[in-house]
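The values are calculated or read from the model by the stated rules, or taken from the named source; none is laboratory data. All values reported here derive from a predicted model rather than from experimental measurement. Counting neighbours? That spans all protein chains shown, and the Cβs are built from the backbone with ideal geometry, glycine included. Keep in mind that these areas ignore ligands, DNA and RNA; they rest on the heavy atoms of the full protein, side chains included. Shrake-Rupley method; radii C 1.70, N 1.55, O 1.52, S 1.80 Å.
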Amino acid sequence: TRIYQGTLKKGESYYNPRMGKSQRVGRLVRMHSNDRDDVDVAIAGDIIAMVGVECASGDTYCDENINVTMENMFVPEPVIELAIKPAKQEDLVKLSKALNRFMKEDPTFRVSVDKESNETRIAGMGELHLEIYVERMRREYKANVIVGQPKVNYREAPTQKADFDYKHKKQTGGSGQYGHVVGSLLVNEAPKSDEDSHEFINATVGGSIPREYIPGVEKGYREVLDKGPLAGFKVINTKFELKDGTFHAVDSSEMAFKVAARMAFKQAFLESKPVILEPIMRVEAETPMEFQGPVQGDLSSRRGMLLGSDVRDEYAVIIAEVPLSEMFGYSTDLRSKTQGKATFSMELAAYRQVPQSIQEQLVKKFSEEQARGGK
């Protein structure tokens, strides 16, 4: 905990705006590696640890009358996923405790459950990031876990405008379902982030679709974005413009229009010449001068684009942009090529289109999985 203003005293209670309640600080310690010194008061500028206080990374503590929260940390979207499961049933509780704690202390570490396969997935900022957490589960929590293959978070995006005219018509015993939507799927040229890269535009006039059904159309459009029609990856950079449609006085409902929008989107997306985008990492490798050539050659062989190099204290610093899918196992390869003397760091730079051959492989794999699931 860092003190920005005022004083923090042992035994006092402080307000946590995120949790909406006051919490008592029972013990304050100043950390020195593995050692800790007890302190009674911490003042502005101090970095100390609060023992036994239930909180999460990014929480603010203040006086209840002030009730302010510090600006949120920037948390980038995860770029890599691993499937994880307990080796035995008795490891399940240990694994659950570990995952809950890690999520609290690290906002870049995410845990989710795949709806279709029902497998638990952990996501983070790189292979090493997740490797460390898996090792901590084994050491600190004695949880024996089985780790699946890394999964790259690809994205799908349209490249051109596609029109849709879809009519959902289903007749059952009682009242049926009827929803008809007409419009265009457009490319969103200037998205801020994955979440902000979608836009729904209602351009209907004259009540062709009653107002109460419009939210159903938007829901149907947004529901299909998490799993794209092309290869099952998250969709980005879309605009859904609803221009016209028809309804039935008895059979139309919000649900019917939701289904119509979902199917219309899938149809239009596949006609928009969609592409698969892959995460490109900005890699900075620092190596002794004698290994500069092999390190540069290795990065180039991974479809990397060298951006430049620099010299710092007899070390060469090589900067490159490399697809994440080519970076698996890089830490081991780099150590073996440089006698363990080189280090590297990487961060997400951008999403770019994958080569056509890789896109075809990913689409084929998705089609095979769909066929197996349908049997």
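Summary table below
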item: Top-ranked residue in region 13-33 [being part of a loop (DSSP other than H, G, I, E, B) and at pLDDT below 90; ranked as farthest from Ala56 (Cα to Cα)]; result: Ser33
item: Out of Glu119, Glu140, Glu156, sole residue that is buried (at least 16 other Cβ atoms within 10 Å of the Cβ) and acidic (Asp, Glu); result: Glu156
item: Selection within region 237-271 - among the small types (Gly, Ala, Ser) and either surrounded by 18 or more Cβ atoms within 10 Å (Cβ to Cβ) or modelled with pLDDT of 95 or more (or both); result: Gly245, Ser252, Ser253, Ala256, Ala260, Ala261, Ala264, Ala268
item: So Lys234, is it basic (Lys, Arg), at pLDDT below 95, under 25 Å from Asn153 (Cα atoms) and open to solvent by 10 Å² or more (accessible area, probe 1.4 Å); result: yes
item: Single residue of Leu28, Leu8, Leu99 found to be under 30 Å from Glu326 (Cα atoms) and surrounded by 12 or more Cβ atoms within 10 Å (Cβ to Cβ); result: Leu99
item: Region 154-177, subset within 15 Å of Met255 (Cα to Cα) and hydroxyl-bearing (Ser, Thr, Tyr), residue nearest to the chain's Cα centre (by Cα); result: Tyr166
item: Residue list for region 284-322, restricted to those being within 14 Å of Thr343 (Cβ to Cβ) and hydroxyl-bearing (Ser, Thr, Tyr); result: Thr287, Tyr315
item: Residue within region 47-68 that is over 26 Å from Phe102 (Cβ atoms), part of a strand (DSSP E or B) and either open to solvent by 50 Å² or more (accessible area, probe 1.4 Å) or in contact with a Leu (Cβ under 8 Å, 6 or more places away or on another chain) (or both) present; result: no
item: Some residue of region 164-180 being closer than 24 Å to Ile358 by Cβ, outside any loop (DSSP other than H, G, I, E, B) and at pLDDT 95 or above; result: no
item: Tally of residues being in contact with a helix residue (DSSP H, G or I) (Cβ under 9 Å, 6 or more places away or on another chain) and part of a helix (DSSP H, G or I) across region 248-284; result: 14
item: Residue that is nearest to Glu90 (Cα to Cα) [pool: residues in region 122-137 that are surrounded by fewer than 20 Cβ atoms within 10 Å (Cβ to Cβ) and of a type in the set (Val, Ile, Thr)]; result: Val134
item: Single match in Val363, Val311 (criterion: β-branched (Val, Ile, Thr) and without any contact (Cβ under 8 Å) to a residue 24 or more places away in the chain); result: Val311
item: Those residues of region 343-367 which are charged (D, E, K, R) and at pLDDT 90 or above, in sequence order; result: Arg352, Glu360, Lys364, Lys365
item: In region 214-231, residue most open to solvent (accessible area, probe 1.4 Å) [restricted to those that are closer than 10 Å to Glu156 by Cα and among the aliphatic types (A, V, I, L, M)]; result: Leu230
item: Residue satisfying condition, being open to solvent by less than 80 Å² (accessible area, probe 1.4 Å), out of contact with any Ser or Thr (no Cβ under 7 Å at 6 or more places or on another chain) and touching a residue at least 60 places away in the same chain (Cβ under 8 Å), within set Gly148, Gly179; result: Gly148
item: Selected residue [at pLDDT below 90 and not in a strand (DSSP E or B)] from Glu195, Glu223; result: Glu195
item: Residue that is nearest to the chain's Cα centre (by Cα), among those in region 285-311 that are assigned to a strand (DSSP E or B) and buried (at least 16 other Cβ atoms within 10 Å of the Cβ); result: Ala285
item: Residue ID - nearest to the chain's Cα centre (by Cα), chosen from residues in region 322-339 that are more than 22 Å from Leu82 (Cα to Cα) and open to solvent by 50 Å² or more (accessible area, probe 1.4 Å); result: Arg335
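Rundown of residues vs (1) in contact with an Asp or Glu (Cβ under 9 Å, 6 or more places away or on another chain); (2) under 18 Å from Met125 (Cβ atoms), yes/no style:
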position: Glu278; (1), (2): no, yes
position: Val283; (1), (2): yes, yes
position: Pro288; (1), (2): yes, no
position: Asp298; (1), (2): yes, no
position: Gly304; (1), (2): yes, no
position: Glu321; (1), (2): no, yes
position: Glu326; (1), (2): no, yes
position: Leu334; (1), (2): yes, yes
position: Ala342; (1), (2): yes, no
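A quick yes/no check of all residues on (1) closer than 27 Å to Phe74 by Cα; (2) among the β-branched types (Val, Ile, Thr); (3) assigned to a helix (DSSP H, G or I):
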residue: Thr332; (1), (2), (3): no, yes, yes
residue: Arg335; (1), (2), (3): no, no, yes
residue: Gln339; (1), (2), (3): no, no, no
residue: Phe344; (1), (2), (3): yes, no, no
residue: Leu348; (1), (2), (3): yes, no, no
residue: Tyr351; (1), (2), (3): yes, no, no
residue: Gln359; (1), (2), (3): no, no, yes
residue: Lys364; (1), (2), (3): no, no, yes
